[in-house]
Amino acid sequence: MVWEDGEGNLSSYLMDNRRMRTAIVSAMHEELAAVLALMPDEQKQPLAGRDFWVGHLHGHDVVAVLSRIGKVAAATTATALIERFEVDRIVFTGVAGGLAPGVEVGHVVVADGFMQHDLDASPIFPKYQVPLYGTDRFATDAKLTQQLDAAVRVALPGSRLHRGLVASGDRFVSTTGESRALQAALPEALAVEMEGAAVAQVCHDYGVPFAAVRTISDRADDEAHGDFLRFIQEVASRHSAAIVEAFLRGG
Ligand code: SAH
């Protein structure tokens, strides 16, 4: 049935009949490559200096893309996915530094929400608060996050899984001093990375469901750089691809 909404267009009809499109966003080349290897028919569509890979994975319409590193790059990527590729949901996979005690290398963190640890417009706004939003954090989508959590349990049954807050900022946190200072300031934050809060804010603005999973590559301490490089080569890409596969298989 074709019907018009109050504004005389066919958007409701199109929404009902268009297939759900899922964006898979990776932070690192190694992770994206492993996801692309699962897609039989991906076509490259360049936009804004990025390559968006449009195709299918386990029968789902998928757009896979590299976020690039940092909050601005990730926000641009998320905006393009929503505006130009009309994705209905965004799933982010990547690595992060463990912050809270007990969040160790190889563990997996599924984010309930994100905040920016380097945002400070005080004294006009409280420290960490995103100006004019009245909050310092954006929640991920509860249903999508639950699906992602279930996928991690299927894909990596032996892994230790944490659920909670993740802090983002434009810094690779790689000294024990900085890591301790962050832990003291943000005792709730399980992990630190450089993109999630930006994607969460864009998705909040557009009302697009968002979920994110991060495998812990380092402890954001003096050993972080070496641990990070080792982890990226050895584990990260396998983790991401396995999680994405289980997620799309499950729905
Ligand atoms: N120095 C690294 C690159 C840093 S970027 C290199 O030599 O290649 C690190 C990427 O992994 C970012 O996308 C970020 O989201 C995540 N990440 C992993 N560990 C992190 C940490 N300790 N601090 C901040 N981001 C981290």
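The values are calculated or read from the model by the stated rules, or taken from the named source; none is laboratory data. If you're wondering where the values come from, they're calculated on a predicted model, not measured in any experiment. Here Cβ is always computed from backbone atoms with ideal geometry, including for glycine, and neighbour counts include all displayed protein chains.
May I ask you to list the residues in region 28-52 that are of a type outside the set (Val, Ile, Thr) and within 24 Å of Glu234 (Cα to Cα)?
Matches in region 28-52: Met28, His29, Glu30, Glu31, Leu32, Ala33, Ala34, Leu36, Ala37, Leu38, Met39.
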From the residues in region 208-218 that are more than 8 Å from the ligand (Cβ to nearest atom) and not hydrophobic (A, V, I, L, M, F, W, C), which one is surrounded by the most Cβ atoms within 10 Å (Cβ to Cβ)? Thr215
Of these, Asp149, Asp205, which one is of a type in the set (Asp, Glu), farther than 22 Å from Phe247 by Cα, more than 13 Å from the ligand (Cβ to nearest atom) and in a helix (DSSP H, G or I)? Asp205
Considering Glu178, Glu234, which residue is in a helix (DSSP H, G or I), of a type in the set (Asp, Glu) and away from the ligand (no atom under 11 Å from the Cβ)? Glu234
Being buried (at least 16 other Cβ atoms within 10 Å of the Cβ), more than 13 Å from the ligand (Cβ to nearest atom) and closer than 24 Å to Val235 by Cβ: is that true of Val103 here? no
Just one of the numbered conditions (1) surrounded by 22 or more Cβ atoms within 10 Å (Cβ to Cβ); (2) part of a strand (DSSP E or B) is not true of Arg163; which one? (1)
Answer yes or no: is there a residue in region 109-125 that is without any contact (Cβ under 8 Å) to a residue 12 or more places away in the chain, more than 13 Å from Ser168 (Cα to Cα) and either within 16 Å of the ligand (Cβ to nearest atom) or surrounded by 15 or more Cβ atoms within 10 Å (Cβ to Cβ) (or both). yes
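May I ask you to say which residue of Ala189, Ala236, Ala211, Ala184 is touching a residue at least 24 places away in the same chain (Cβ under 8 Å) and more than 24 Å from Leu132 (Cα to Cα)? Give the steps one after another, and end with the answer.
On the way: Ala189 fails: more than 24 Å from Leu132 (Cα to Cα); Ala211 fails: more than 24 Å from Leu132 (Cα to Cα); Ala184 fails: touching a residue at least 24 places away in the same chain (Cβ under 8 Å).
Only one candidate passes the filter, namely Ala236.
Within the group Ala224, Ala236, which residue is modelled with pLDDT under 90 and either among the charged types (D, E, K, R) or in contact with a Ser or Thr (Cβ under 7 Å, 6 or more places away or on another chain) (or both)? It would help to see each step written out before you state the result.
Working: Ala224 fails: modelled with pLDDT under 90.
The match here is Ala236.
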Of the numbered conditions (1) out of contact with any strand residue (DSSP E or B) (no Cβ under 9 Å at 6 or more places or on another chain); (2) modelled with pLDDT of 95 or more; (3) away from the ligand (no atom under 16 Å from the Cβ), Arg137 satisfies every one except a single condition; which is it? (1)
